Amino acid sequence: LSTLIQSALLGLLSVAKINVKYSVDEGTGSLRFTLPSDLTEQERHDADVILNTMLCGIKDFYTEYSDYINLEVI
């Protein structure tokens, strides 16, 4: 699961060239990232594609491993 999320972050940073702010908490194993509020229309589109792809992968994992994963989409 972490690979999907890390790949999405790398896609935003390296492929879409969006200056995403992110933080890693190695103690809890969490990765948090936030998109800038001033995205261009193209950047917003690219971010949506990357993040929706990530969400599809997470939902697929959840279908198979729902006993081990909590999923909340907000």
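For this structure, a couple of remarks:
- Among residues of the range 28-44 that are under 25 Å from LEU1 (Cα atoms) and part of a loop (DSSP other than H, G, I, E, B), those with a beta-carbon under 9 Å from a residue that is open to solvent by less than 80 Å² (accessible area, probe 1.4 Å) and at pLDDT below 90 at least six positions away or on a different chain give the pairs GLY29/SER2.
- Matching residues in the range 1-16 - criterion: being out of contact with any helix residue (DSSP H, G or I) (no Cβ under 8 Å at 6 or more places or on another chain) and touching a residue at least 12 places away in the same chain (Cβ under 8 Å): SER2, GLN6, LEU9
- Candidates LEU4, LEU31, LEU10, filtered to the one that is loosely packed, with under 14 Cβ neighbours inside 10 Å and not acidic (Asp, Glu): LEU10
- Residue tally, condition surrounded by fewer than 11 Cβ atoms within 10 Å (Cβ to Cβ) and either of a type in the set (Phe, Trp, Tyr) or touching a Gly at 6+ places or on another chain (Cβ under 9 Å) (or both), over the range 50-64: 0
The values are calculated or read from the model by the stated rules, or taken from the named source; none is laboratory data. Since this is a predicted model, take the numbers as computed values, not measurements. Backbone-built Cβ (ideal geometry, glycine too); neighbour counts: all protein chains shown. Just so you know, the surface numbers come from the protein's heavy atoms only, side chains and all, with ligands and any DNA or RNA stripped out. Shrake-Rupley method; radii C 1.70, N 1.55, O 1.52, S 1.80 Å.
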